[in-house]
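Working notes, structure below.
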């Protein structure tokens, strides 16, 4: 069953990124357990697409939480994000890595270890999936799951945002410590 709209709208991007760890990404017959996520805050966050104000590309970040925000980076990798917060507080969470659970017969266990890799493994694309409502339980959605007792959450700076000045060093990347599916 898909997570509720309030799960996404009542959390800031940083809290949502943390709380997505252990949840499941479900798309058709494929399921992966989220093991790494990065928070992107509002206009003040110099690594966030929201820093430019509302644009055609980022308008989903300025709407309610619970929608897929999928965009192309480096002209070759689709990135799957989840919108967070309310209409007044733009934000999103980049799902960086999943542990493959179902529907990946014969796949390399590291096929979900990175945001571009996970989009390829699941078949998630910006044209087909940008703007999908993740709360409707149709096609692509996130389902409940939790951290195991033995698992700890690690925080670190986000990856690939050196251009963001002091924002690059903020601990807005969350991962399940020691999980082999974490991207790096």
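None of the figures in this text is laboratory data; all of them are computed from the coordinates on show. Quick caveat: nothing in here was measured; it's all calculated off a predicted structure. Glycine also receives a Cβ, built like all others from the backbone with ideal geometry; neighbour counts cover every protein chain displayed.
Which distance in nm do the two modelled labels at residue 76 and residue 133 give, with both placed 7 Å along the Cα-to-Cβ direction?
3.7
Please report, largest first and rounded to whole Å, the three semi-axes of the ellipsoid equivalent to segment 145-184, where each semi-axis is the square root of five times an eigenvalue of the C-alpha gyration tensor.
Values: eigenvalues 119, 21, 9 Å².
Rounded to whole Å, the semi-axes are 24, 10, 7.
What number do you get for segment 45-184 when its Cα radius of gyration is normalised by 2.2 N^0.38 Å, N = residues? Kindly include the intermediate steps, with their values, before the conclusion.
Numbers: Rg = 15.3 Å, N = 140, 2.2 N^0.38 = 14.4 Å.
Against the compact-globule rule of thumb, the ratio is 1.06.
Rounded, prolate or oblate, given the Cα gyration tensor of segment 96-144, with a/c below 1.5 counting as rounded?
Working: a/c = 2.07, a/b = 1.53, b/c = 1.36.
Prolate, since a/c reaches 1.5 and a/b exceeds b/c.
Quick one: Debye curve from the alpha-carbon atoms of segment 1-72 only, equal weights, vacuum; give me log10 I(q)/I(0) at q = 0.23 Å⁻¹ to two decimals.
Treating every Cα as an identical point scatterer, log10 I(q)/I(0) equals -1.21.
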